[in-house]
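K.L.:
First, the structure itself, so that you have it in front of you.
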Amino acid sequence: MQVPDVPNACVRCGTPYGLTRQPLLVRRGGGRIRYVDVPFCPRCWRLHESTRSVFFVAAGVATASLVIGLAVSVISQDWVPAAASVVFATATVFVARAIRRRALPVVRYERGSDPVVVIPTVGEVRIVTGGE
Ligand SMILES: [Zn+2]
C-alpha cells in the first residue's frame, strides 16, 4: 500500500499541530472501499473515534422506538404512537448522520478517480489510494 501524498495539516480542521496518521475509510474510483492513512490532529481524531458508534446506537434506538410504537398502537388501537415512533426513529437517524458527518473530513468523490479531501487551510488534496 502506498502512503498517500497528503500535506502536513489535519484533514478535518487544517491545523498543522500534533498530527498523527490515522486510517480513514474512503471509496476508490472503482467503488471499492479501503483505508488510507491521513493526518488527523488529536482533537479531530478523538471526535472521529467518539462518533464511530453513533450510527450503531442510533439504529438500535430507532428500532426500539419503532417496536414500542407499533406495540402500543396495536394494544391501544390507535395509529398515533406508531406514527410518532416513525417520526422519532427518522429524526434519530438523521441526527446521528449529522453528528457523524461533522466528525469526518470533507471528501469529494469524482467518477473513476481517487477521492479528494477538502482541507480548510490547504484546499483540495487528492488522496492517492494506490493501484492494485
Ligand atoms: Zn483537526
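Read-outs: derived from the displayed coordinates by stated rules, not from any lab. Since the structure is predicted, the reported quantities are computational estimates derived from the model, not experimental observations. No Cβ is skipped: glycine too gets one built from the backbone with ideal geometry, and neighbour counts run over all protein chains shown.
K.L.:
May I ask you to list the residues in the stretch 57-81 that are over 14 Å from VAL93 (Cβ atoms), surrounded by 12 or more Cβ atoms within 10 Å (Cβ to Cβ) and of a type in the set (Gly, Ala, Ser)?
P.N.:
GLY69, ALA71, SER73
K.L.:
State which residue is surrounded by the most Cβ atoms within 10 Å (Cβ to Cβ) when the search covers only the stretch 24-51 and only residues that are within 14 Å of the chain's Cα centre (by Cα) and farther than 22 Å from GLU110 by Cβ.
P.N.:
Residue satisfying both the conditions and the ranking: CYS44.
K.L.:
All but one of (1) within 16 Å of the ligand (Cβ to nearest atom); (2) touching a residue at least 60 places away in the same chain (Cβ under 8 Å); (3) surrounded by 17 or more Cβ atoms within 10 Å (Cβ to Cβ) hold for CYS13, so report the exception by its number.
P.N.:
Checking CYS13 against (1) within 16 Å of the ligand (Cβ to nearest atom); (2) touching a residue at least 60 places away in the same chain (Cβ under 8 Å); (3) surrounded by 17 or more Cβ atoms within 10 Å (Cβ to Cβ), the one that fails is (3).
Every residue, every condition in (1) of a type in the set (Val, Ile, Thr); (2) more than 23 Å from VAL128 (Cα to Cα); (3) within 16 Å of the ligand (Cβ to nearest atom); (4) touching a strand residue (DSSP E or B) at 6+ places or on another chain (Cβ under 9 Å), yes or no:
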site: TRP45; (1), (2), (3), (4): no, no, yes, yes
site: HIS48; (1), (2), (3), (4): no, no, yes, yes
site: ALA58; (1), (2), (3), (4): no, yes, no, no
site: THR63; (1), (2), (3), (4): yes, yes, no, no
site: VAL74; (1), (2), (3), (4): yes, yes, no, no
site: VAL95; (1), (2), (3), (4): yes, yes, no, no
site: ILE99; (1), (2), (3), (4): yes, yes, no, no
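K.L.:
Of the residues VAL107, VAL54, VAL116, which is under 30 Å from TYR17 (Cα atoms), surrounded by 15 or more Cβ atoms within 10 Å (Cβ to Cβ), touching a Pro at 6+ places or on another chain (Cβ under 8 Å) and aliphatic (A, V, I, L, M)? Full working, then the answer.
P.N.:
On the way: VAL54 fails: touching a Pro at 6+ places or on another chain (Cβ under 8 Å); VAL116 fails: touching a Pro at 6+ places or on another chain (Cβ under 8 Å).
That would be VAL107, the only listed residue that is under 30 Å from TYR17 (Cα atoms), surrounded by 15 or more Cβ atoms within 10 Å (Cβ to Cβ), touching a Pro at 6+ places or on another chain (Cβ under 8 Å) and aliphatic (A, V, I, L, M).
K.L.:
For the stretch 77-97, what are the residues that are of a type in the set (D, E, K, R) and in a helix (DSSP H, G or I)?
P.N.:
ARG97
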